[in-house]
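A.B. asks: First, the structure itself, so that you have it in front of you.
The values are calculated or read from the model by the stated rules, or taken from the named source; none is laboratory data. Being a predicted model, the structure only gives us computed values, none of them experimental. Positions of Cβ are backbone-derived with ideal geometry, glycine not excepted, and every protein chain shown enters the neighbour counts. Ligands, DNA and RNA are stripped out before the accessible areas are found, and what is left, the full protein with its side chains, is counted by its heavy atoms. Shrake-Rupley method; radii C 1.70, N 1.55, O 1.52, S 1.80 Å.
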Amino acid sequence: MVKSIQELLAQLPAVDILLKRPAIEQLATEYPRGAVKAAIQEVLGNIRREVLQQIRQDLPELPTIEQMITEELIQHQFSLRRVINGTGTVIHTNLGRSSLSKRVQQQVEDISFHYSNLEFDLESGERGSRYSHLTEIIKELTGAEDVLVVNNNAAAVLLVLSTLIKGQEVLVSRGELVEIGGAFRIPDVVTSSGGKIVEVGTTNKTHLNDYQQAVNEETGGILKVHTSNYRIVGFTESVPIPELAKLADHTAIPLINDLGSGLFIDMRQFGLPYEPTVKEALDQGCDIVTFSGDKLLGGPQAGIIVGKKKYIQQMKKNQLLRALRIDKMTLSALEATFELYLDPTQAIQEIPVLRMLSLTEEDCLRKATILAEKLEKNTNDLTITVEKDASAVGGGSYPEHSLPTYVVSIYSDVISAETLQQKLRESRMPIISRIKNQKNYLDVRTIEDEEFAFITSAIRTLA
Ligand SMILES: *Cc1c(COP(=O)(O)O)cnc(C)c1O
C-alpha cells in the first residue's frame, strides 16, 4: 500500500532521535556538533522535499539516512577548519595564534547576529564612535588617557608612525631594527609611513647619549621595539624606558613603544622571566604603547594603541584609520576579553592562552596519562608512551624559554613517523603533531580535555 505524503513525513525521524544513534554519536566525536546537526537538518530537509514533490514514495532506512548524513558532512568541509594543536606551542601563528575564551562567545554572538550601538551614542541618540567602547575598560586596566584599536599590531605601528613621524625622523636603536615575521620589518614600516629612520647606537649596545646626540629639530619621535623573536645576549646594553622617557619629555617628542605582545599580568607566576606589563610601560613614561590582541593577551586579532590623548586624537583624524578599521565582531571579542582581566585570577582560568601557560609539570603529566590510557585502549598496533618534553610560548614571545611539559608519543613499527604525522593531519578533525626521535609527539599543554575524544577516534580509525 502506498503511504500518503502526510504519513511519510510523520515517519521521518526527528533530529534529536538521530543525534542519539550510535553512528551519529560517533560522528559527533569527529566533527563539531553544530556541523553534525546541520548535516542532519540538510539531509532531512532533502528527504522532506523529495517526499513533497513525490519524487520519493518511501523513506530511506535509518542506516541509509545515517550514511547520507556522513556523506553530507564529508562533502561540506570548509577550507578554514578547526584543528587540534598538539605542538605545544601556545601562540602558534600558523594555527591561528590564540583561541578565544568561551566567555566571549555570547557577546560576539549578540553583537554579530543583531544590530548594535557600534557607532551610535545611546544617551544622546546621535552618531557615536566605534573606538569609544574600549576606552573605559582600557583606562581602568592600564591608566592610559585614551585608546585606539585597529586590525593588527602591524597596522597599529603603521598608524602611529604615519601620524606622529610623517616626513620627520624617528630614532631607533640598531639592536631593535628587527623583522617580526610575515614581512613586518621595522625599517620598512618606518619608510612606508613616510618617516626617516635614524639608527642610534650599535647592534649590541645603545647608550642614552646615542639618542641625545641624534635628536635635532627634524626628530619626530623615539621608537622602542620589543625584539620579540630574537635576543642579543652577552655584552649588551640598552637604555631603560624611564631614561628615554626623560629625554623625550625634555625635548618634547613622543616616546613610542611597540611592545609586541602586551602583557596584563605578571608572567613570572608561570616560571617565565619578568617583562613589563602595558600599565608598567605607560607608568615608566611611554607616550604611546602598541600591542597585539591575539598574542599573550589571548584575544582576537587586533592592534591596540594606548597612551596620551593628544597623540591618539591625531591618529583618530588620520585618513589611514579608515583602511585599518576594526570590525564589530573583533571589537566585541576584544571588549569581552578585556573584561576578564578585571579579575586576573579569572583571566588565567578563562583565557585559553593563559590557562595553557599556567599548567604545571604535574598538570601536564596528569593530562598526558589520561590521554595515553584512552589511546592505548584503542590500538594494538601503535606504541603509546608518556614522555617529558618542553612546550614553547610562541608568537615571538620568550624565544629562549620553554615550559616543562609531558607529551603522549605515538610510534608505529609499520609506518614511518612522517606517514603517521600525515595521517593524523588528515583525520576528520586534523591533529597537528611534532616529530621527535622518530615518534609523533602530542603535547597536552595545547590540547583541551574535551579534544581527547577526537584523538581517540582518529587513533581508532588509524589502528
Ligand atoms: C608581533 C609583533 C608585531 C606585529 O603584530 P601583529 O599583531 O602580528 O600585526 C609588531 N611588533 C612586534 C614587536 C611584535 O612582536
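A.B. asks: Please work out whether segment 412-463 counts as rounded, prolate or oblate from its C-alpha gyration tensor, where a ≥ b ≥ c are the square roots of the eigenvalues and a/c under 1.5 means rounded, while otherwise a/b larger than b/c means prolate and anything else oblate? List each step's numbers first, then the result.
C.D. replies: Values: a/c = 2.02, a/b = 1.31, b/c = 1.54.
Oblate, because a/c is 1.5 or more while a/b does not exceed b/c.
A.B. asks: Next question, about the same structure. How high is the relative contact order of the chain, in percent, counting Cα pairs under 8 Å that sit 6 or more residues apart?
C.D. replies: 19 percent
A.B. asks: Taking R0 as 30 Å, what FRET efficiency do you get between Thr251 and Ser132 from their Cβ-Cβ distance, rounded to the nearest 0.05?
C.D. replies: Using R0 = 30 Å, I get an efficiency of 0.40.
A.B. asks: Sticking with this one: Taking square-rooted eigenvalues a ≥ b ≥ c of the alpha carbon gyration tensor, is segment 176-234 rounded, prolate or oblate, where a/c under 1.5 means rounded and, failing that, a/b exceeding b/c means prolate?
C.D. replies: oblate
A.B. asks: While we're looking at this one, here's another question. If I stretch the segment between Glu400 and Ile370 completely, what's the gain in nm (0.36 nm per residue apart, minus their alpha carbon distance), one decimal?
C.D. replies: 7.8 nm
A.B. asks: A follow-up question, please. Could you give the accessible area per residue of segment 5-75, probe 1.4 Å, as a whole number in Å²? Could you put the intermediate results ahead of the total?
C.D. replies: On the way: 4160 Å² over 71 residues.
On a per-residue basis, 59 Å².
A.B. asks: OK, next. Taking 0.36 nm per residue of separation and subtracting the Cα-Cα distance, what length does fully extending Thr385 through Leu62 add?
C.D. replies: Separation in residues times 0.36 nm, less the Cα-Cα distance, equals 112.3 nm.
A.B. asks: If you don't mind, there's one more thing I want to ask. Roughly speaking, to the nearest percent, how much of the chain's 1.4 Å accessible area is carbon and sulfur?
C.D. replies: About 50 percent, which is the carbon plus sulfur part of the accessible surface.
A.B. asks: Roughly how many Å² is the accessible area per residue of segment 102-350, as a whole number, for a 1.4 Å probe?
C.D. replies: Averaged over the residues of segment 102-350, the accessible area is 47 Å².
A.B. asks: Mind giving me the FRET efficiency for Glu123 and Arg325? R0 is 22 Å, r the Cβ-Cβ distance, nearest 0.05 is fine.
C.D. replies: 0.40
A.B. asks: Could you tell me which of rounded, prolate or oblate describes segment 331-404, using a ≥ b ≥ c as the square roots of the eigenvalues of the alpha-carbon gyration tensor, with rounded for a/c under 1.5 and, failing that, prolate when a/b is larger than b/c and oblate otherwise?
C.D. replies: In terms of gyration-tensor shape, prolate.
A.B. asks: Can you tell me the 0 to 90 degree angle between the C-alpha axis of helix 241-251 and the longest principal axis of the chain, rounded to 10?
C.D. replies: In the chain, helix 241-251 runs at an angle near 50 degrees to the longest axis.
A.B. asks: How large, in Å, is segment 102-350 by the Kirkwood hydrodynamic radius built from its alpha-carbon pairs?
C.D. replies: This gives a value of 18.7 Å.
A.B. asks: Would you mind giving the average projected area, over all directions, of the Cα convex hull of segment 84-154 in nm² with one decimal? Let's see the in-between values first.
C.D. replies: Numbers: hull surface 29.6 nm².
Mean shadow area of the hull around the Cα atoms is 7.4 nm².
A.B. asks: Heavy-atom accessible area of Met68 with all protein chains present, probe 1.4 Å, nearest 10 Å²?
C.D. replies: Approximately 60 Å² of Met68 is accessible to the 1.4 Å probe.
A.B. asks: Now, a different point. Suppose accessible area is computed on protein heavy atoms with a 1.4 Å probe; arrange Asp413, Asp58, Asp146 from highest to lowest.
C.D. replies: Details: Asp413 120, Asp58 95, Asp146 5 Å².
Highest to lowest solvent-accessible surface, that is Asp413, Asp58, Asp146.
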